[in-house]
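First up is the structure itself, then whatever we jot down about it.
The values are calculated or read from the model by the stated rules, or taken from the named source; none is laboratory data. Computed from a predicted structure; not experimentally measured. Cβ coordinates were reconstructed from backbone atoms using ideal geometry, including for glycine residues, and neighbour counts include every protein chain displayed. The protein model used for the area step is the full one, side chains on, heavy atoms only, and it has no ligands, DNA or RNA in it. Shrake-Rupley method; radii C 1.70, N 1.55, O 1.52, S 1.80 Å.
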Amino acid sequence: MRAVENALGIVIPDNARIIRNLITAIQFIQDHVIHFYHLHALDWVDVTSALKADPVKTASLQQSISNWQNSSFSYFRAVQNKIRTIVESGQLGLFASGYWGHPAYKLPPEANLMAVAHYLEALDWQRDIIKMHALLGAKNPHPQTYLVGGMSIPVDPNSQNAINAGSIAFMKEIARKALDFVENVYIPDLLAIASFYKEWTKIGGGVGSFLSYGEFQNDNISNTTNCWLPQGFIRNKDISKVENIDQHKITEDVVRAWYKYSDGDEKAKHPWSGETTANYTGPQPPYKFLQTDKKYSWVKAIRYDGLPVEVGPLARMVIAYVAGHNRVREVTDIVLRRLGVGIDALFSTLGRTAARGIETLIIAEMLPVWIDELAERIKAGDLRIHNGEKWEPSKWIKEAKGYGFHEAPRGALGHWVVIKDRLVANYQCVVPSGWNASPRDAAGQRGPYEEALINTPLIYPDKPLEVLRTIHSFDPCMACAIHVVDPNRNELIKVKVS
Amino acid sequence: MPKIAIDPVTRIEGHLRVEVQVEGGKVIDAWSSGTMWRGIELIVKGRDPREVWLLLSRICGV
């Protein structure tokens, strides 16, 4: 969307910007909470240990950490009975294939029971709060209401078929529920769990360079240079300064990826001159191990200024912290103080997981503010949601190039487009998990996942729970991370950036 | 000096394989491998730029 608007030089109306920010915000909140409870928590929480918990003590624990309403003895006893029924059935269902009983699990039974209760509560909660995404986007996932030049969903206080006072009230209630859960369940759980795993502030640090494109725009242009969460780059853990991003420094090489470059796989290419020709040289399945001294992944080695770079919540929070973002600094300092650790602790598996929580909290705090901003504009009579000045292709220049930057929940996402004769001539996506999951490059530098795993302790190599903790802390999303190939035409994808 | 492979890594979106080399109870080397590819960008070539967002958002639903 932004790539095309950038190519065509389109500025969107305020209401469209705010609605886009709101859709992104609720997506972040839902996604991060799902990640914490449903994709990551069971790396730290032993479900079977919850059966040994005393529900009375669990209730006291809950009451000591927040004002959440589900805190009674009978509530936790009911949850425990539910888990017992699942475990005794021998069919663990959603709790199957865990390394239950692994000695790397350190929570007392009561904390495990509390966390499993919240795992189940979060399933219901996420279904409710994402209704806001459905309201503004017409459905979730894959919202339908975007439009080059703005949005297609009308705002009109006098229409039943538009964002009106009723929808604003509905969204305010969702925002209240979102913040309530994040403040009283997610953050207290995060702090409680983290306090038992402080050694994980020294494990899983990774490459130490961070990039954020910036998100939650303050202005209406297609560049994300003026955002509530700032754009920037941090080099080798140097938290004395945030560098400005120069997108020409983004390159990809394929020395260790299953592609072939016409002038040498080791020559890093800027997306402008990118090529994507498949060249699978790996073993035929079934195989035991990849040939990791050769090519071994479908993910290219994405680099910024030649460096492997981490993207995602930790990158955004570190960059915002160093850039002087007030709320990021306040909440991060509180979290670090509560855990009794310094700022260096952020560069770790636990730091990555904590940063995701910090980000969720501060976005949930902003949600009602942004809803009010939209409500006030509508009330004042500004009903514009779309700029149609350049909708007609006859108004476009013959050849246009653009790029669009966005922060997805998992990190920096860039799209590049080339428009020729009013049609898309080329398109390229450089996605968050492509940065984080990237393999070694021509210089032999490991990618962020790989580097983060070095020195991870493993109690049982055949039950690598500790490896999963670090990998999961990045929140991998692999479907996007892999590059494009056309096996029939063997076509090169040339990516151009304006 | 065991080498271990985790494939697929679960509780993520998509397909990821991780191999690690272990020595003295610690990971001493690691390799991350994406084991699938995507083809979505090809779909939008030759199309009206005003509709590509709708197609490309299907890259990821999470």
For the stretch A:1-45, what are the residues that are open to solvent by 10 Å² or more (accessible area, probe 1.4 Å) and small (Gly, Ala, Ser)?
-> A:Ala7, A:Gly9
Looking at (1) hydrophobic (A, V, I, L, M, F, W, C); (2) without any contact (Cβ under 8 Å) to a residue 60 or more places away in the chain; (3) more than 9 Å from chain B (Cβ to nearest Cβ), find the lone condition where A:Cys429 falls short.
-> (3)
Residues of the stretch A:432-445 classified as more than 7 Å from chain B (Cβ to nearest Cβ), of a type outside the set (Phe, Trp, Tyr) and within 30 Å of B:Arg58 (Cα to Cα), total = 7
Taking the stretch B:1-20 only, how many residues are part of a strand (DSSP E or B), surrounded by fewer than 18 Cβ atoms within 10 Å (Cβ to Cβ) and either more than 7 Å from every other protein chain (Cβ to nearest Cβ) or not β-branched (Val, Ile, Thr) (or both)?
-> 2
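Table: residues versus (1) closer than 30 Å to A:Ala425 by Cβ; (2) part of a loop (DSSP other than H, G, I, E, B).
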site	(1), (2)
A:Ala7	yes, no
A:Leu39	no, no
A:Val56	no, no
A:Trp68	no, yes
Would you tally the residues in the stretch A:340-384 being open to solvent by 30 Å² or more (accessible area, probe 1.4 Å), of a type in the set (D, E, K, R) and in a helix (DSSP H, G or I)?
-> 7
Can you run down the residue pairs with Cβ atoms below 9 Å, 6 or more apart or on separate chains, where the first is in the stretch B:29-57 and under 26 Å from A:Pro143 (Cβ atoms) and the partner is of a type in the set (Asp, Glu) and open to solvent by less than 20 Å² (accessible area, probe 1.4 Å)?
-> B:Gly39/A:Asp486; B:Leu42/A:Asp486; B:Leu56/B:Glu41
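Output the residues belonging to the stretch A:30-82 that are charged (D, E, K, R), out of contact with any strand residue (DSSP E or B) (no Cβ under 9 Å at 6 or more places or on another chain) and in contact (Cβ under 8 Å) with a residue 24 or more places away in the chain.
Answer for the stretch A:30-82, where residues must be charged (D, E, K, R), out of contact with any strand residue (DSSP E or B) (no Cβ under 9 Å at 6 or more places or on another chain) and in contact (Cβ under 8 Å) with a residue 24 or more places away in the chain: A:Asp43, A:Asp46, A:Lys52, A:Asp54, A:Lys57, A:Lys82.
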Select from the stretch A:416-426 the residues that are over 25 Å from A:Tyr259 (Cα atoms) and open to solvent by 10 Å² or more (accessible area, probe 1.4 Å) and list them in ascending order.
-> A:Lys420, A:Asp421, A:Arg422, A:Leu423
Of the conditions (1) more than 7 Å from chain A (Cβ to nearest Cβ); (2) surrounded by 15 or more Cβ atoms within 10 Å (Cβ to Cβ); (3) assigned to a helix (DSSP H, G or I), B:Glu51 clears all except one; give me its number.
-> (2)
Extreme residue, surrounded by the fewest Cβ atoms within 10 Å (Cβ to Cβ), among residues of the stretch A:313-339 that are on the phi < 0 side of the Ramachandran plot and small (Gly, Ala, Ser) | A:Ala323
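So that you can scan it fast, the table gives a plain yes or no per residue for (1) buried (at least 19 other Cβ atoms within 10 Å of the Cβ); (2) modelled with pLDDT of 95 or more; (3) not in a helix (DSSP H, G or I):
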| site | (1), (2), (3) |
| --- | --- |
| A:Gly414 | yes, no, yes |
| A:Gln428 | yes, no, yes |
| A:Ala442 | no, yes, yes |
| A:Tyr460 | no, no, yes |
| A:Lys463 | no, no, yes |
| A:Ile471 | yes, yes, no |
| A:Asn490 | no, no, yes |
| A:Val497 | yes, no, yes |
Among the residues of the stretch B:37-48, write down those that are under 17 Å from A:Trp298 (Cβ atoms) and open to solvent by less than 50 Å² (accessible area, probe 1.4 Å).
-> B:Arg38, B:Gly39, B:Ile40, B:Glu41, B:Leu42
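For A:Val45, are the conditions met, namely being outside any helix (DSSP H, G or I) and more than 21 Å from A:Asp189 (Cα to Cα)?
Working: outside any helix (DSSP H, G or I): yes; more than 21 Å from A:Asp189 (Cα to Cα): no.
In short, no.
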Please go through the stretch A:137-170 and pick out each residue that is within 14 Å of chain B (Cβ to nearest Cβ), open to solvent by less than 20 Å² (accessible area, probe 1.4 Å) and hydroxyl-bearing (Ser, Thr, Tyr).
-> A:Thr145
Determine, yes or no, whether A:Gln217 is farther than 20 Å from A:Trp272 by Cβ and in contact with a helix residue (DSSP H, G or I) (Cβ under 9 Å, 6 or more places away or on another chain).
-> yes
